[in-house]
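> I am attaching a structure below and will ask some questions about it afterwards.
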Amino acid sequence: MKTFALMLALALSDKPQEVVATAYTARCQGCSGITASGKTADYRKRYIAANWNWPIGTCVLVELDGKWVRYTVQDRGPVKSNHIDLLVRTTAEAREFGRQRVRVKSCPKKK
């Protein structure tokens, strides 16, 4: 329940939170290439897989190498509430990314 509250708060706040990040590709044996939202998995669109506490379409800023990068939740997967999975181009890129601790926050609301 505590984790759910943390993730729900993240969706409503721009305060950075630390999560575990891994990477995945849609180009693997057994992969369909279609996200949980029904979109074609396209790494150039910066999609992430996240737990069910973040609705599909949620905009999330992820801090990578000191820069905030905009991603959109478009997929689900075997991810826990304190874990995101970044869509990348190749299996090699996913392996190179490995497992990292990153900071995330909600995107600024449009005025």
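Each value in this text was obtained by applying a stated rule to the coordinates, not by laboratory testing. None of these values were measured; they are calculated from a predicted model. Glycine gets a Cβ as well: all are built from the backbone with ideal geometry, and neighbour counts include every protein chain shown.
> Can you give the net charge of the other residues whose Cβ lies under 11 Å from the Cβ of Leu61, counting K and R as +1 and D and E as -1?
Working: positive: Arg46, Lys67, Arg70, Arg103, Lys105; negative: Asp14, Glu63.
Neighbour charge sum, excluding Leu61 itself: +3.
> Further question: Please state, as a whole number in µm²/s, the translational diffusion coefficient that the Stokes-Einstein equation yields for the range 2-106 at 10 °C and 1.306 mPa s, with Rh defined as the Kirkwood radius across alpha carbon pairs. Mind dumping the intermediate values first?
Values: Rh = 13.7 Å.
Rounded, D is 116 µm²/s.
> Distance from a point 7 Å along Cα→Cβ of Glu96 to each backbone N in the range 39-66: keep the residues under 12 Å and list them by number.
Within reach of a label on Glu96: no residues.
> Determine ³J(HN,Hα), in whole Hz, for all residues of the range 17-33 in sequence, where each value follows from phi through the Karplus function 6.51 cos²θ - 1.76 cosθ + 1.60 and θ = phi - 60°; x replaces Gly and Pro.
With coefficients 6.51, -1.76 and 1.60, one gets 10, 8, 9, 8, 10, 10, 10, 9, 10, 8, 9, 9, 5, x, 7, 8, x Hz.
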